[in-house]
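The values are calculated or read from the model by the stated rules, or taken from the named source; none is laboratory data. Here the structure is a predicted model, which is why all the values come from computation and not from measurement. A quick note on method: Cβ atoms are made from the backbone with ideal geometry, for glycine too, and the neighbour counts reach across all protein chains shown. Ligands, DNA and RNA are stripped out before the accessible areas are found, and what is left, the full protein with its side chains, is counted by its heavy atoms. Shrake-Rupley method; radii C 1.70, N 1.55, O 1.52, S 1.80 Å.
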Number of protein chains: 2
Amino acid sequence: MSTASTTRTRLTPQRSAELYEAVLDLLREVGYDALTMDAIAARTRSSKATLYRQWGSKPELVAKALRHNKPVGAGDIDTGSLRGDFHAMVDSTDDCQLEKDSGLIRGLAQAIHHNPDLHKALRELIMEPEINEINTLLRRAVERGEVSADNPALGFVTHMLFGAFFARLMIDDRAPDRSYLSDYLDAVVLPALGV
Amino acid sequence: MSTASTTRTRLTPQRSAELYEAVLDLLREVGYDALTMDAIAARTRSSKATLYRQWGSKPELVAKALRHNKPVGAGDIDTGSLRGDFHAMVDSTDDCQLEKDSGLIRGLAQAIHHNPDLHKALRELIMEPEINEINTLLRRAVERGEVSADNPALGFVTHMLFGAFFARLMIDDRAPDRSYLSDYLDAVVLPALGV
């Protein structure tokens with residue numbers, strides 16, 4: 001996807017971080033469809049040419065901004081038990097971050113469907129790495145004998161986790177907080193896995 | 001909420017059904033925010049005055065159209081086992097209906113957050129009746145001794161069910177079909193409840 005020439009100037013990490021923050025702020029404020037490269041350029045006092053040179057397209061820029069937003073990957077977690085790993089995953093975030101993530105997810109729910117490029121970028125940059133990390137935790141749990149390798153819930157763990165998030169937004173119109181997610185792990189996810 | 005006078009003309013059930021269908025078609029096509037009473041009036045060749053007289057407001061009209069769309073309530077289901085009841089609930093719909101419902105849910109995900117009146121109407125007319133019906137099935141299961149009364153998953157059943165729906169849309173960009181929902185019941189919902 002990248003059309004970078006060999007002569008392009010790299011942005012500093014700090015400048016990139018500022019741009020990503022601005023993109024996410026705009027995404028929460030106006031949603032994906034109303035988010036334009038012009039608005040991003042204006043908000044960050046940069047040129048559209050720079051944005052396109054650096055990121056190629058709006059879906060790619062948005063997906064990279066979202067990935068930048070993810071501080072800790074579940075793949076680094078290894079507490080020795082699946083229960084410990086899942087709770088460490090929830091503990092690695094905070095309620096303020098979850099609130100912000102909720103605003104982003106709302107803004108993307110319809111856009112994903114109408115923008116295949118966005119869905120592809122989100123899948124490659126956000127969902128697949130996260131699913132792979134969760135699968136790493138699960139594989140270790142199977143190897144330790146905590147979860148039976150043929151437990152059918154293994155195929156639904158990401159659906160359970162994302163689903164808990166969305167359901168809280170849609171049913172209760174509230175951002176899920178750590179306490180809700182932690183209770184959901186103990187009441188639903190771990191029992192379904194037989195842990 | 002209703003401001004109907006005693007002299008208003010009742011629409012025939014058939015005419016109401018036509019109006020509801022048109023509202024849902026528009027909702028899937030343009031989303032909630034872009035859906036105007038003008039557009040509904042034009043599409044259904046009725047007057048805006050009639051729409052307001054009959055339904056009071058856009059959120060109320062949309063919520064009633066969604067409720068009209070729900071053919072069978074889970075409350076009528078009583079197969080003698082929770083597994084049977086849940087599967088009968090899934091079997092009472094069809095994949096075409098689920099596909100249509102998915103379009104509606106996508107169109108409402110962001111709107112709910114920005115339109116408290118819409119969320120209130122959806123809660124009263126759609127969510128609470130559905131939650132009550134699911135709770136009826138669960139209460140019977142507890143009375144039969146199938147589910148322990150203090151099982152913590154009892155508080156998350158609607159979140160599990162709606163969550164499975166949303167997760168399929170967001171992760172896989174696919175409408176959930178009966179086969180997916182049925183597998184989810186057997187792999188996640190029933191084991192979490194200890195059934």
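Of all chain B residues, the one whose Cβ lies closest to the rotation axis that maps B onto A, given with that distance rounded to whole Å, is B:GLY163, 1. Cα centroid separation, region B:116-195 to region A:31-77: 36 Å. Residues whose amide H falls under 5 Å from that of A:VAL147, counting only those 5 or more places apart or on a different chain, are A:VAL142, with hydrogens built in the peptide plane. In the complete set of protein chains, residue-level accessible area for A:MET89 is approximately 40 Å², probe 1.4 angstrom.
Legend: distances between Cα atoms for A:LYS100/B:LYS58; B:LYS58/B:LYS120; A:LYS70/A:LYS100; B:LYS70/B:LYS100; pairs beyond 18 Å are A:LYS100/B:LYS58. Per residue of B:109-117, other chain Cβ atoms within 10 Å of the residue Cβ number 4 on average. Using a 7 Å projection from Cα along Cα-to-Cβ, the label point at A:VAL30 is separated from the same position in the remaining copies by 2.1 nm, smallest value first.
Using the Cα centre of the protein assembly as shown as the reference point, and only Cβ charges (+1 on K/R, -1 on D/E), how large is the resulting charge dipole? Debye, rounded to the nearest 20. The partial results should precede the final answer.
Details: 46 positive and 56 negative charges, 323 e Å.
Rounded to the nearest 20 debye, it is 1560 debye.
Across the identical copies, the 7 Å label point of B:ASN135, projected outward along Cα→Cβ, sits 4.0 nm from its counterparts, in ascending order. Run through the other copies and list how far each one's label point is from that of A:ARG178, in nm with one decimal, shortest first; the point sits 7 Å from Cα along Cα-Cβ. Nearest first, the other copies' label points are 4.4 nm away. Charge dipole (Cα centre; +1 on Lys/Arg Cβ, -1 on Asp/Glu Cβ; no other charges) of region B:16-134 amounts to roughly 600 debye.
In this simple spin-label model, placing a label point 7 Å from the Cα along the Cα-to-Cβ direction at both A:ALA49 and A:ASP91 gives a separation of 5.1 nm.
Inter-chain neighbour count for B:153-165: the average number of beta-carbon atoms from partner chains within 10 Å of each residue's beta-carbon is 6. Treating the Cα atoms of chain B as identical point scatterers in vacuum, please give the log10 of the normalised Debye intensity I(q)/I(0) at q = 0.09 Å⁻¹, two decimals. Values, matching the q order: -0.39. Relative to the current alpha-carbon distance between A:GLU21 and A:GLU99, full extension at 0.36 nm per residue lengthens the span by 26.6 nm. Sorted on the mean count of surrounding Cβ atoms within 10 Å across their residues, most packed first, peptides A:143-151, A:20-28, B:25-33 read A:20-28, B:25-33, A:143-151.
Per-residue surface analysis assigns A:PHE86 an accessible area of about 0 Å², computed on protein heavy atoms at 1.4 Å probe radius. Using the Stokes-Einstein relation with a Kirkwood hydrodynamic radius computed over Cα pairs, the translational diffusion coefficient of the protein assembly as shown at 25 °C and a viscosity of 0.890 mPa s comes to 107 µm²/s.
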